[in-house]
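Following: one structure in structure tokens, then a few remarks.
FYI, it's all coordinate maths here, none of it is from the lab. In this text the structure is predicted, and so the values were computed from the model without any measurement. Note that each Cβ is placed from the backbone with ideal geometry, even for glycine, and that neighbours are counted across all protein chains shown.
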């Protein structure tokens with residue numbers, strides 16, 4: 001037996017080497033092809049994406065100014081030390097956190113609810129689907145202009161509705177406590193369609209047999225949703241929530257036009273703060289430190305979120 | 001027991017109507033405002049259907065400072081961006097879909113990272129790099145930024161369509177003696193057309209709607225894109241000349257809305273390919 005084994009292994013040894021030489025030549029040719037084909041995409045990416053990323057991180061350690069004749073000098077962690085004491089920045093950070101958590105959560109709830117409705121045999125589903133596309137397609141600047149009209153304190157339809165019910169006339173975007181909730185609603189409006197369509201696609205992949213089996217076993221609609229639909233949708237939900245959170249934390253256009261961060265900085269999101277610091281105050285080194293902090297924060301939040309859900313998934 | 005389904009059905013329709021109102025009403029209001037006369041806009045009366053519909057606001061918008069110019073800039077920037085992105089995405093997406101190894105791993109990694117890293121981190125260095133080569137305040141600079149900014153998604157979307165083409169088709173071409181270039185241009189490219197159209201529309205809409213980079217990079221009004229131009233008409237505190245602004249905003253949103261309506265059925269696959277796998 002051992003002899004036979006040996007003989008066999010000897011016989012098979014030369015064969016793979018010949019093949020692997022042939023394969024490695026093929027692999028080399030394939031790699032060269034791949035490089036040639038990828039170059040057109042690689043050049044702009046390296047110049048305008050990878051290099052800026054590296055510069056962006058390093059700018060934070062300099063005293064770079066927007067308008068300056070001399071090259072920026074290295075200042076170590078000076079910017080970060082000063083940033084720690086910058087209450088206004090952390091205030092903006094907090095507003096950013098409230099905004100992105102609220103918008104992301106509401107997008108999830110409303111998006112999922114609408115997706116569930118669209119996944120039934122109700123009428124007007126087609127119209128709703130088509131209408132749902134509009135907020136998604138619209139330029140953020142137009143979205144903001146449109147909602148300014150809705151919220152208009154003088155002849156906006158929202159105030160008309162409230163006053164006709166006997167309520168007070170409200171200056172939605174100018175009120176210190178109402179401005180943030182008001183812009184959060186706009187954020188939900190703008191991002192909900194994308195959530196809805198993704199969840200709808202996810203729902204259509206939930207195995208019908210599984211739902212049917214649960215129904216035969218006597219599970220009610222709610223129980224079927226919690227025990228069959230939700231677990232099946234989980235990967236979709238996790239991806240959409242993660243992406244939405246990042247996008248929302250970095251939103252800029254809608255708020256810039258809607259309130260410009262006002263009133264009194266009540267809707268000043270981190271990105272608006274960075275924009276002002278860099279392009280109004282000209283402190284680009286400090287602004288870069290802010291973006292670094294934002295990115296590190298997002299990476300930490302995201303890893304914690306993904307890790308937690310991943311662990312849960314493994315346990316289950 | 002028989003009443004329960006009816007009750008649920010009714011509730012479902014109530015919620016659906018609520019969502020319809022929430023999603024659709026703002027756009028209806030924009031349309032309505034665009035057709036209202038100044039007198040009606042200045043009054044406190046609130047009507048969804050304009051009492052005396054007028055096209056004056058559209059005339060005013062077309063005559064407004066630089067809005068037509070801005071529209072042209074937006075279309076120019078978006079079309080050039082789309083053409084460049086599609087041309088460089090085809091071979092790139094082919095590599096992502098067909099080859100194994102480091103390039104593919106790095107490419108996919110970069111697509112993923114670019115979806116996660118906020119644009120905030122890019123904007124300052126991009127501004128300095130473009131200023132160094134004299135491309136700040138020029139449409140060329142904006143196009144360069146948009147190409148890189150829309151490329152990851154476009155690559156990801158397109159590689160899904162490439163992966164859907166059976167390898168056998170290509171191998172049949174190769175055994176018939178076609179070179180790699182011939183296989184790509186004569187076999188892969190024609191089969192990719194539906195995917196190319198979808199990718200092109202996504203790229204166009206992304207570039208057309210973009211605001212932040214344009215705001216930072218463009219300084220002279222004659223270079224403004226539509227978004228930047230419209231944003232100057234509306235300051236944080238309120239609206240100047242609401243009628244023409246509504247008309248301008250309505251016209252500005254037409255290309256994206258039409259393109260997305262065309263793509264309606266494909267939005268699902270496109271987004272999921274980018275969002276879920278990415």
- request: Pairs of Cα atoms under 8 Å, at least six residues apart: use those to get the relative contact order of chain A, whole percent.
  value: 28
- prompt: Of A:308, A:224, how do they rank once you tally other Cβ atoms within 10 Å and put the fewest first?
  reply: A:308, A:224
- line: Inter-chain shielding metric for B:23-36, i.e. average beta-carbon neighbours from other chains within 10 angstrom, reads 5
- line: Measuring from the longest principal axis of the C-alpha atoms of chain B, the long axis of helix B:139-163 (C-alpha) lies at a number of degrees, nearest 10, equal to 60
- prompt: What is the distance in Å between the Cα centres of segment A:192-243 and segment B:91-111?
  reply: 32
Rel. contact order, % - alpha carbon contacts under 8 angstrom, at least six apart, chain B: 31
statement: Least to most buried among A:255, A:55, by other C-beta atoms within 10 Å and fewest first, runs A:55, A:255
query: Does segment A:156-293 classify as rounded, prolate or oblate by the C-alpha gyration tensor (a ≥ b ≥ c root eigenvalues; a/c under 1.5 gives rounded; else a/b over b/c gives prolate, otherwise oblate)?
result: oblate
- line: Most fluctuating of A:107, A:65, A:204 in the GNM of chain A (C-alpha, under 10 Å) is A:204
- prompt: In nm, what is the difference between 0.36 nm times the number of residues separating residue B:167 and residue B:83 and their Cα-Cα distance?
  reply: 27.6 nm
- prompt: Against the longest alpha carbon principal axis of chain B, how many degrees, from 0 to 90 and to the nearest 10, is the axis of helix B:193-209 turned?
  reply: 40
task: Please label the shape of chain A as rounded, prolate or oblate, based on the square roots a ≥ b ≥ c of the eigenvalues of the alpha-carbon gyration tensor (a/c under 1.5 means rounded; beyond that, a/b larger than b/c means prolate, else oblate).
output: oblate
field: FRET E, pair residue A:209, residue B:180, Förster distance 51 Å, beta-carbon r, rounded to 0.05
entry: 0.70
field: Overall dimensions of segment B:110-166 by Cα: Rg and Dmax, Å
entry: 14.4, 46
Förster radius 51 Å - calculated FRET efficiency between residue B:6 and residue A:305 (Cβ-Cβ, nearest 0.05): 0.80
message: Using only DSSP helix segments of four residues or longer, with each worth -39500 (n - 2.57), what per-residue ellipticity at 222 nm results for chain A after dividing by its residue count and rounding to 500?
response: -23500 deg cm²/dmol
statement: GNM on chain B, Cα springs under 10 Å; top mean-square fluctuation among B:145, B:169, B:113 goes to B:169
- request: Work out the P(r) tail for segment B:97-197: percent of alpha carbon pairs separated by more than 21 Å, whole number.
  value: 53
task: Report, largest value first, the span of the C-alpha coordinates of chain B along each principal axis, in whole Å.
output: 74, 72, 34
Angle in degrees between helix A:179-203 and the longest Cα principal axis of chain A, rounded to the nearest 10: 30
- request: Mind jotting down the three principal axis lengths of segment A:40-86 based on Cα atoms? Whole angstrom, largest first.
  value: 44, 26, 15
statement: proj_area_mean for the protein assembly as shown (convex hull on C-alpha atoms), units nm², value 37.0
- request: Take peptide B:94-106, look around each residue's Cβ out to 10 angstrom, count Cβ atoms belonging to other protein chains, and average those counts.
  value: 4
message: Looking at chain A as a GNM with Cα springs under 10 Å, which of A:257, A:101, A:206 has the largest mean-square fluctuation?
response: A:206
message: Using a Förster radius of 45 Å, what is the FRET efficiency between residue B:69 and residue A:178 based on their Cβ-Cβ separation? Nearest 0.05, please.
response: 0.75
message: Let me check against my output: what whole-number percent is the relative contact order of segment B:118-237, with C-alpha pairs under 8 Å and at least 6 apart?
response: 36
query: What does the average come to when, for each residue of peptide B:183-193, you count the partner chain Cβ atoms lying within 10 Å of its Cβ?
result: 0
- request: When a/c is below 1.5 the answer is rounded, else prolate if a/b is larger than b/c, else oblate, so apply that to segment B:3-54 with a ≥ b ≥ c taken from the square roots of the Cα gyration tensor eigenvalues.
  value: prolate
- line: Exposure-ranked with fewest Cβ neighbours within 10 Å first, B:215, A:306 stand as A:306, B:215
